[in-house]
1. How many of the residues making up segment A:317-334 are of a type in the set (A, V, I, L, M), away from chain B (no Cβ under 13 Å) and touching a Lys or Arg at 6+ places or on another chain (Cβ under 8 Å)?
2. I'm checking my understanding of the structure. Among residues of segment A:137-188 that are part of a helix (DSSP H, G or I) and small (Gly, Ala, Ser), which one is farthest from residue A:103 (Cα to Cα)?
3. Just give me the residues in segment A:205-253 being over 19 Å from the mean Cα position of the chain (by Cα), away from every other protein chain (no Cβ under 14 Å) and buried (at least 24 other Cβ atoms within 10 Å of the Cβ), in sequence order.
4. Would you confirm whether any residue within segment B:46-53 is of a type in the set (Ser, Thr, Tyr), touching a Leu at 6+ places or on another chain (Cβ under 9 Å) and surrounded by fewer than 21 Cβ atoms within 10 Å (Cβ to Cβ)?
5. I'm trying to understand the selection: among the residues of segment A:53-105, which are of a type outside the set (Lys, Arg), within 14 Å of chain B (Cβ to nearest Cβ) and not in a helix (DSSP H, G or I)?
6. So which pairs qualify, if the first residue must be in segment A:72-100 and within 22 Å of residue A:348 (Cβ to Cβ), the second must be among the polar types (S, T, N, Q) and part of a loop (DSSP other than H, G, I, E, B), the Cβ gap must be under 8 Å, and the two must be at least 6 apart or on different chains?
7. Scanning segment A:335-380 for residues that are among the polar types (S, T, N, Q) and more than 11 Å from every other protein chain (Cβ to nearest Cβ), which turns out surrounded by the fewest Cβ atoms within 10 Å (Cβ to Cβ)?
8. Somewhere in segment A:302-309, is a residue at pLDDT 85 or above and in a helix (DSSP H, G or I)?
Amino acid sequence: MRVVAETAERKTFTLNMGPQHPSTHGVLRVVLTLEGETIVDAQPVIGYLHRGTEKLAETKTYQQVIPLIDRLDYLACPAYNFAYCLAVEKLLGIEVPPRAKCIRVILAELARIASHLIWLGSHAMDIGAVTVFLYTFREREITYELLEMVAGVRMHQSYIVVGGVRWDLPDGFVEKLRAFLDILPSKIQEYEDLLTKNKIWKLRTVGVGVLSKEDAIAYGATGPMLRGSGVKWDIRKVYPYSGYEEYDFEIPIGEHGDTYDRYLVRMEEMRQSRRIILQALDKLPEGPIHALEGKLFFPDPEKVRGEHRDMAALIHQFKLVVEGFHPPKGEIYQSIEAPKGELGFYIVSDGSPKPYRLRIRLPSLMNLQTLPILSRGHKVADMAAIIGTLDIVLGDVDK
Amino acid sequence: MGDWLDEVKGRLEGVVLDESEFRDEKTLVLDRSSLPNSLEVLKEEFGFNSLVDLCGLDMGEGQTPRFYVVYHLRNMNTKAQLRIKVGVNEGEKVPTACGIWAGANWMEREVYDMFGIEFDGHPCLTRLYLPEDFPGHPLRKEYPTEGYDFEE
């Protein structure tokens, strides 16, 4: 006669999620420790996309680093170029002209809208609402057309350069952008109609992935992850840069720190970004688009290659390309409110045209660190919702 | 607002080895042996509740100290920011800050990964980005940018 155990033994087992898994938004591996279907622990394993940006930057001049930077978060390129250039400008001690400041704000906020649209689409699709994905990609396409108009490429624009922007806004850009901003509120309403009061959406997001205020601060979570937990903290308001103090906008915050609150925060952020862009377009001043001090900008191509060549311009161009510019010795930290959180650059300069050390403080990396807290006690199926609410991009995690 | 730094220096008297200011950013170099107490004092008594960033810095072979561990601290109530640097030489260890700011965990792993600096008392000091069998620590100045040939 066989004896059947009276009490079943409680056992945990380990499950690998990723590195190739549709809901991990790239190559992220999460080692799950499960008890039945309940998550006991979830440890992210990262580095699959590590490109050594910090090491590479040490071998390039300050301008040559710019294209490396927008490959970090490839969904919000202008914001990343913006942050890096602000940092170098702080090191150099220069101010950019008002028009360039204004153009930078417009592009950074457009990048925020584009990034949040992708987040919303993929987050909703992970949870099972495929329609939203198709809708947000329709609007996201317009943001990419706008960026293409400005820079000539859809991704990795490298349009924002040290000292200003590469060239002026093209004809028709302002009109097209205004047309987009006109339809945007009705589109955001459309997404909200599908989700905000949707019973399934609320079941999947309310109370899922709760991050307390204390944990958010202790773990260095920033951006919507911090604000969703009820902390009113936005670099644009706290340490204003590029004229953000002149714009009128609200900082939405959540109450419970769960996936649903972070959803509401990001939706409102898109509306606030639209408000900022509208104000920027209204006041967009005329004038130069590049700081003249320090001879940082490449001379007019006509003067270098044209019929009426100018020797001084040629020498200037040659020096910038071959050697680069020499910032003073020193170390600075400059951060901005990127779509995903605080993006900071710590630059140590030894006075040479290449950064002695370029340290990048990435928002997605720090936010991902809270994953074990968010997922403990939830079911495996909630993992897709929790990774979605973190709004990570693996380029922005792996550096 | 301006005199909080004097208070900090008064409280940490004897362990502040150097101080500097550049572009309105304040930096203090602290004695390594004062860690983690001095960091705890900064958090508990001066309200630096947020560790914005923690990173390594290689001064090059033959320099003393060879490395710095750099902490960017922030007081989210007064908006004050402070940079703390701690010198460390080859083979020496830095006490972990994980017990003070939980977010230090991954950043210390990254410093270990990239510079080979070890943190005493870290709960899980493994490489963050690179595979476990990766040779060397790439952000050291002597490490070639093109890497080593793995085939050999």
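The values are calculated or read from the model by the stated rules, or taken from the named source; none is laboratory data. Quick caveat, the model's predicted, so the values are computed rather than measured. Positions of Cβ are generated from backbone atoms using ideal geometry, with glycine treated the same way; all protein chains shown enter the neighbour counts.
1. 1
2. The residue in question is A:186.
3. Hits for segment A:205-253 are A:205, A:209.
4. No: zero hits.
5. Listed by number, the residues that qualify are A:58, A:59, A:72, A:93, A:94, A:95.
6. So the pair list comes out as A:81/A:157; A:81/A:158; A:82/A:242; A:86/A:242.
7. Filtering first and then ranking leaves A:352.
8. No, segment A:302-309 contains no residue that is at pLDDT 85 or above and in a helix (DSSP H, G or I).
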